[in-house]
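These notes are about the structure you will find just below.
The values are calculated or read from the model by the stated rules, or taken from the named source; none is laboratory data. These figures come from a predicted structure and were not determined experimentally. Here the Cβ is made from the backbone with ideal geometry for all residues, glycine too, and neighbour counts use every protein chain on show. Please note that ligands, DNA and RNA were not included when accessible areas were found on the heavy atoms of the full protein model with its side chains. Shrake-Rupley method; radii C 1.70, N 1.55, O 1.52, S 1.80 Å.
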Amino acid sequence: MNRARLIGVAVAALTIVGAGGVVVAGGLQNSPPQDARPSNDPVGDILRNAPPVETAPAGVPAPNAPVAIVPTTPVDMTAGAPQETVPDASAAKPEDAVPADEKIQEADTPLPRQRRRVAIVEAIDKITADRMRFEVVVGGRPVRFNDSLIFTARACEVSADNEQVSDAIAYLDISLQPKGTAKATEPRQIFRGWMFASTPGINGLQHPIYDAWVVGCKA
């Protein structure tokens, strides 16, 4: 009887959580952080493992004796040259012409950025030189790096098509909580805000031991 009652309570809880996505994300982010795992980078592995192969350029040997150059007969470019026609500006249709101010307005109109589900983060321990690239799910479970840093992703999006710079932007919460110490300490927040993959030095993690930055976003 108690088992059936527990199952009913669990089903009701899942129904309430499914009705609001914010509750699901909050519950996952409050769970214990999982250890960071290296992110898959098949293209990078191929480039790193493939030995560089360089082929010698095909050269033509120099002649044993100087080659005489015979000048050609100059050609009169003015004789029989086709006459260039100047297009008539009055022949253009008014509806085909687009005013310059409208073109500028179309280019300046921002398009919505595309949201992604996973943020790809890279972190390094400057003392031990431990470096890892890992994934953090937006609104999901926090990820722990090197038993000290805890990463939580709030958003990750890529730049729109009409933006001048192709970029990936992620909103991260980074906390410091050493693992395995004699006395458990509360996580201490050391960074919160947007990180830009194209310019990691603008708003990156500033810490004497750790560096962390956003590499990209993926669906």
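Yes/no per residue for (1) modelled with pLDDT of 95 or more; (2) touching a Leu at 6+ places or on another chain (Cβ under 8 Å); (3) of a type outside the set (A, V, I, L, M, F, W, C):
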position	(1), (2), (3)
Ile104	no, no, no
Thr109	no, no, yes
Gln114	no, no, yes
Cys156	yes, no, no
Asp161	no, yes, yes
Gly180	no, no, yes
Arg188	no, yes, yes
- [ ] Identify the single condition in (1) touching a strand residue (DSSP E or B) at 6+ places or on another chain (Cβ under 9 Å); (2) touching a residue at least 40 places away in the same chain (Cβ under 8 Å) that Gly201 does not satisfy, given that it satisfies every other one.
- [x] (2)
Task: Verdict on Thr199 being of a type outside the set (A, V, I, L, M), assigned to a loop (DSSP other than H, G, I, E, B), open to solvent by 60 Å² or more (accessible area, probe 1.4 Å) and out of contact with any His (no Cβ under 7 Å at 6 or more places or on another chain) - done: no
Task: Evaluation of Gly193 against (1) touching a residue at least 24 places away in the same chain (Cβ under 8 Å); (2) open to solvent by less than 60 Å² (accessible area, probe 1.4 Å); (3) over 20 Å from Asp35 (Cα atoms); (4) not aromatic (Phe, Trp, Tyr) (one fails), failing number - done: (1)
